[in-house]
Each structure stands twice: as C-alpha cells, then as structure tokens.
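Step one of this worksheet: look at the structure below.
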Amino acid sequence: MYTAREYVLPKTLEEAYQLNQKKQNRIIAGNMWLRFSSGSFGQLIDLSDLGLNTIRQTETEFIIGAMVPLRELEKHPELNAYTGNAIRDCVQDIVGTQFRNSATIGGSIWGRFGFSDILTCFLAMDTEVELFPSGRMTLADFTAQKPDNDILVNIILKKTGLKTAYRAFRYTATGFPVISCCVSKGDFWRIAIGARPAKAMLHILPDTAVLSSAEDTALKELLDKTIFGTNSTASADYRRHLAQVMIIRAAASLEV
Amino acid sequence: MEINYILNNKKVTSSITPHTMLLNELRSQGCFSVKCGCESTNCGLCTVWLDGTPILSCTMPAARIAGHSITTLEGLQAQALEFTRFMAEEGSDQCGFCNPGFIMNVLAMARELDNPDQNQINHYLAGNLCRCTGYAGHMRAIEKYLAFRSAIQKGGADND
Ligand SMILES: Cc1cc2nc3c(=O)[nH]c(=O)nc-3n(C[C@H](O)[C@H](O)[C@H](O)COP(=O)(O)OP(=O)(O)OC[C@H]3O[C@@H](n4cnc5c(N)ncnc54)[C@H](O)[C@@H]3O)c2cc1C
Ligand code: FES
C-alpha cells in the first residue's frame, strides 16, 4: 500500500489536469489496482466530483463517464441491448459484485492491462476515448500509446449498428481470463484478442471472411498474425487453441 | 484530515490520513465484524454498504466516504439474525470467519434482486470466498431465507 500527503477532489477537469502534471501525484479511480502501488504519493486526485459517473446517450453514441463503475455497465439496459449483452458478458466475471461496484471503466481502460476483459470488448467495437485536454481519439490509437498525464474523461461507444459477441475462458469463475475474445460485425469484422497474455490486439477482416471452423483460411491467418505468449497460467499453444474456439463460437452467435 | 459521515445511522466525525482505507477506519470505530481476509481485493470478507450498495472496504479510501452513509453488520443485527437462523438450521456455519462479509452481501442481494434463481445467487455471491461449510448448505439457507422474506412481503401486501 502507498501513503499520500493529501487527498484532493478537484472541481474542474482543468484543476485535475494541473494536479496530474506533478510526478508524485496520482489519479485515484476505483483504487482496486492503484492500491498495489507502494511508495509515497503527493496528492491523490479523486475524480468523483467531476460528474463522470453517468452513462449518457445521443442518437449516434453512448458517452460513458470514466468514473462509471463496472457494475453499472453490467446492468445498463440500453447499452446491453445495443451490444447484444457483450458488455455484460465482459464485466460479469470480474472478481465479484462488490468489486464491480467500485472498479471503474476509466481505470480499466487507462491501465491498458493485458488481462483486461473490458479493453478487449471495447476494442472490437466502434470506440473512442475523450481525453483532457487532448480531445478524442480511437481506442485502438489510445491503447497503442504510452500512458501520459492527460485525464481520461469519457469512453464513447458509437452506435454504428455493429453486432457484437464476447467470449473468455477462465480456470475459476472469478479469476483472470486465460484468453479473451470479442468479435463484432458491421461492414467488416473486428476481432480483438486479449490476455494473450499481452494487451488486446485488434484485427480487421472483410465481412466476407469465413470464421466458422478451424479449417477456414481467414481464421488460420488471423491466428498466425496474433502473438500468443506463455506464462505460468497457460502456454502460447493452449491460448491459440482457446482463441480459435472462442472466435468460432462468438462469430457463430452473430449469425443467428 | 477530518471527515463526517453516517455510520450505522449515527453521525461520526473522524480524523484520518489521506491513505486510510475504510476498513481500518471502521475497525477504529469499533466495528470488528469488518475484517481483512486477503490483501488482494479478492475475498469479499471486508464487505460493507456504501449508501446501501455493497463494496469492499479494504480498498475504499476513507476520504471518499465523507458525507455518505456506511452500514456494517453491527448496524444490521435484526436482519442478520433473521438470515443466520436459516444458516444454523442448514448447518452452514462452521468457523464463521467469512460470515460477516457473506451476510452483508446476501442481505444486499435480497434488496437488489427480485426472486433470483440459483445461477443469479451464485453470480451475485461469487466474490465471497472461503465458505468452508460448503456452498450447498449456504444455497439451501439462502433459498429458504428468500422464500421466507417473500412470503412475509406477500403477507404484508395482502394485509394492506
Ligand atoms: C484482484 C483483481 C482482479 C482483477 N481481475 C480482472 C479481470 O479478470 N478482468 C479485467 O478486465 N480486469 C480485472 N481487474 C482490473 C479491474 O477491473 C480494474 O480495471 C482495475 O482495478 C482498475 O480500475 P480502478 O477503477 O480500480 O482504477 P485505479 O486502480 O484507481 O486506477 C488505475 C490506474 O489508472 C489511472 N487512472 C484511473 N482513472 C483515470 C482517468 N480517468 N484518467 C487518467 N488516469 C486514470 C490511475 O492513476 C492508476 O494509475 C482486476 C483487478 C484486481 C485488483
Ligand atoms: S479483505 Fe477486502 S476483498 Fe479481501
């Protein structure tokens, strides 16, 4: 556990951003991951007073505040209707109800964790992030970039009519995923594979690609291009095999 | 720093550090039902309610609860007794170490979910580990408790 000199609740994004420019200061969201940091921080910057805990909708997008807890995503009727429950499916096995009442989408996306169910899921959908002060960029670009001192304000899910399905494999009900896959289909396929164990990777394929069996060339090529690794949880070969099965199942569920 | 909050329906003023976690704050207020079982945000033993919602107190910064309401098992004695009667009858109580967090989450579930089935119950409680008496005994106790509650509620409605 860390120690900190001060706990601050900025009232504006500008104030939060200014505080976040100091190296010893830290933004605190759900604190689920941050709690494992050791050392001494200057100011803990709590984003709770910035109104970032709501899910709003326009005709063209869902705007999800960075401080929205995972459990709210899980229970949100419109978000889950739009994503065919992919959002519920990607968060519902993360630790437990109490955990998901505090862990936030902002902390999950910001962390760019290799094991992240959430990053995998949102990467396969038409997602942008809104940063202060840099503005909007695609989630794929954000994921590729190194963490800086901006504030993650919103996660924006565009309503582009994609069909989406999420699948992951865990050894225990609430453990980390051994592999996570999210498949969506619109004008083309978007396939994200996470927990490789490195962070999720996105593949784009033409909508004519067939992903229905292990023999399909498109699926073989996609798996060849994906870097799977070995760690104490699983071997690269095993992860590749699981990914193949998960993608076939997720893709099949979109065809019904 | 100083915070004001409501603990089990009573106003509390407390002096904390910026890195005090709610668990330690609650124990310093004498709520010894609130225990740390894992140090990895995984076990559910430290469950309390923040404005009625179950959370893990081991990771909740105490500074964040200023102006909010916290409920621990100490503040829910009557409801807990009602449920633990069923646990005793089903023999689903052994060393009792994980009981406080488990009971807090069962009571939260009973408030949040309408007529949950076994899958929903298992899912809601999946973050409460240990449970050495066995998950089957717990499930029997929960189902009987929920049936009892719903009978009382229906009875209450009929009497109106
Ligand atoms: C035991 C455990 C098991 C887990 N299992 C899973 C799992 O199976 N699948 C999964 O997907 N995830 C899992 N997670 C990750 C979890 O879901 C959260 O993603 C993670 O805890 C971070 O979210 P948080 O809100 O707690 O952020 P915090 O821990 O508070 O913050 C994380 C980091 O992000 C920074 N940050 C937070 N918000 C912002 C913002 N708005 N702008 C800029 N920087 C910000 C913080 O400074 C910090 O460095 C697990 C975590 C734990 C501790
Ligand atoms: S003590 Fe809080 S989750 Fe284990």
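Using 7 Å Cα-to-Cβ label points, what is the A:Glu215/B:Asn122 separation (nm, one decimal)?
Spacing of the two 7 Å Cα→Cβ label points: 3.6 nm.
Which value, in Å³ per residue, describes the convex hull spanned by the Cα atoms of the range B:2-74? Provide the component values of the computation, followed by the final result.
Details: hull volume 5.5 nm³, N = 73.
Once divided by residue count, the hull of the range B:2-74 is 75 Å³.
Let me have the 222 nm mean residue ellipticity of chain A computed from DSSP H runs of 4+ only, each contributing -39500 (n - 2.57), with the sum over all residues rounded to the nearest 500. Before the final figure, lay out each step's value.
Values: 10 runs with 80 residues, N = 256.
Counting only the DSSP helices, I get -8500 deg cm²/dmol.
Report the label-to-label distance for A:Asp148 and B:Asn115 in nanometres (one decimal), using points 7 Å from each Cα along the Cα→Cβ vector.
5.4
For a quick check, take a GNM of chain B with Cα springs below 10 Å and name the residue from B:Pro18, B:Pro54, B:Pro116 with the largest mean-square fluctuation.
Comparing B:Pro18, B:Pro54, B:Pro116 in a Gaussian network model of chain B, the most mobile one is B:Pro18.
Indicate the residues belonging to the range A:159-191 that lose 20 Å² or more of solvent-accessible heavy-atom surface (probe 1.4 Å) upon moving from the chain alone to the assembly of all protein chains, ignoring ligands and nucleic acids.
A:Thr174
How far is the Cα center of the range B:103-156 from the Cα center of the range A:135-175, in Å?
Between the Cα centre of the range B:103-156 and that of the range A:135-175, the gap is 33 Å.
What do you get for Rg/Rh over the range A:6-118 if you use C-alpha atoms and the Kirkwood form of Rh? List each step's numbers first, then the result.
Values: Rg = 15.0 Å, Rh = 15.1 Å.
Rounded to two decimals, Rg/Rh equals 0.99.
Over every pair of different alpha-carbon atoms in the range A:51-99, take the mean of 1/r and invert it; report that Kirkwood radius in Å. Mind dumping the intermediate values first?
On the way: mean 1/r = 0.0888 Å⁻¹.
Every distinct Cα pair counted, the radius reaches 11.3 Å.
On a 0 to 90 degree scale, rounded to 10, what angle separates helix B:135-159 from the longest Cα axis of chain B?
Value to nearest ten degrees: 80.
Once Rh is set to the Kirkwood radius over Cα pairs, what Stokes-Einstein translational diffusion coefficient, in µm²/s, holds for the range A:89-207 at a temperature of 37 °C and a viscosity of 0.692 mPa s?
Values: Rh = 14.6 Å.
Translational diffusion coefficient: 225 µm²/s.
Would you mind working out the accessible area per residue for the range B:15-54, using a 1.4 Å probe, and quoting it in Å²? Can you show the working numbers first?
Numbers: 1500 Å² over 40 residues.
About 38 Å² of surface per residue is accessible.
Taking Cα centroids, how far is the range A:202-233 from the range A:1-48 in Å?
The two parts, judged by their Cα centres, are 40 Å apart.
Check each of the chymotrypsin sites (Phe, Trp or Tyr not before Pro) in the range B:82-160 and keep only those in coil by DSSP with at most 16 other C-beta atoms within 10 angstrom; list them in order. Kindly include the intermediate steps, with their values, before the conclusion.
Values: sites: B:Phe83, B:Phe86, B:Phe97, B:Phe102, B:Tyr124, B:Tyr135, B:Tyr145, B:Phe148; in loops: B:Phe97.
Answer in residue order: B:Phe97.
How big is D for the range A:139-229, in µm² s⁻¹ as a whole number, if Stokes-Einstein is applied with the Kirkwood radius of its Cα pairs at 10 °C and 1.306 mPa s? Could the numbers behind the result be given before it?
Numbers: Rh = 15.0 Å.
For these conditions, the coefficient is 106 µm²/s.
Quick check: residue separation of A:Val245 and A:Glu78 times 0.36 nm, minus the Cα distance between them. What number comes out in nm?
Length gained between A:Val245 and A:Glu78: 57.2 nm.
Report, for chain B, the % of DSSP beta bridges that are antiparallel, rounded to 5. Write out the running numbers ahead of the final one.
Values: 13 of 15 bridges.
Of all bridge pairs located within chain B, approximately 85 percent are antiparallel.
Kindly list the residues of the range A:154-172 that lie in the label zone of B:Tyr135, defined by a backbone N under 11 Å from the point 7 Å along the Cα-to-C-beta vector.
A:172
Using only the alpha-carbon atoms of the range A:2-45 as identical scatterers, what base-10 log of I(q)/I(0) does the Debye formula give at q = 0.16, 0.26 Å⁻¹?
The computed values of log10 I(q)/I(0) come out as -0.38, -0.94.
Using a 1.4 angstrom probe on heavy atoms only, work out the carbon and sulfur share of the accessible area of the protein assembly as shown in %. Don't skip to the end; give the middle numbers.
Values: 9410 of 18400 Å².
On the protein assembly as shown, the fraction of accessible area on carbon and sulfur atoms equals 51 percent.
Could you tell me what percent of the DSSP beta bridges with both partners in the range B:2-74 are antiparallel, to the nearest 5? Mind showing how you got there, number by number?
On the way: 13 of 15 bridges.
Restricted to the range B:2-74, the bridges split so that about 85 percent are antiparallel.
Computed on protein heavy atoms with a 1.4 Å probe, what is the summed buried accessible area for the chain pair A and B, in Å² to the nearest 100? Spell out each step's value before the answer.
Details: alone 11980 and 8620 Å², together 18400 Å².
The summed interface area works out to 2200 Å².
If you line up the long axis of helix A:236-255 against the longest principal axis of chain A, both from Cα atoms, how many degrees apart are they, to the nearest 10?
80
For chain B, compute the orientation-averaged projected area of the C-alpha convex hull (one quarter of its surface), in nm². Write down the numbers at each step before the final one.
Values: hull surface 39.7 nm².
Its Cα hull, projected and averaged over all orientations, spans 9.9 nm².
Extent of the range B:102-160 along each principal axis, from alpha carbon coordinates, in Å, largest to smallest?
42, 19, 19
Among bridges DSSP assigns within the protein assembly as shown, what percent are antiparallel (round to 5)?
Beta bridges within the protein assembly as shown, antiparallel portion: roughly 85 percent.
Using a 1.4 angstrom probe, figure out how much accessible area chain A has per residue, in square angstrom, rounded to the nearest whole. It would help to have the intermediate numbers written out before the result.
Working: 10890 Å² over 256 residues.
Counting only protein heavy atoms, the per-residue value for chain A is 43 Å².
Starting from the Cα gyration tensor of the protein assembly as shown, multiply each eigenvalue by 5, take the square root, and state the resulting semi-axes largest first in whole Å.
On the way: eigenvalues 268, 162, 78 Å².
Over the Cα atoms of the protein assembly as shown, the semi-axes work out to 37, 28, 20 Å.
The values are calculated or read from the model by the stated rules, or taken from the named source; none is laboratory data. Bear in mind that the values here come from a model prediction, so they are computed numbers and not experimental data. Reconstructed Cβ throughout: ideal geometry from the backbone, glycine too, with neighbour counts over all protein chains shown. SASA here: full protein model, heavy atoms, side chains in, ligands and nucleic acids out. Shrake-Rupley method; radii C 1.70, N 1.55, O 1.52, S 1.80 Å.
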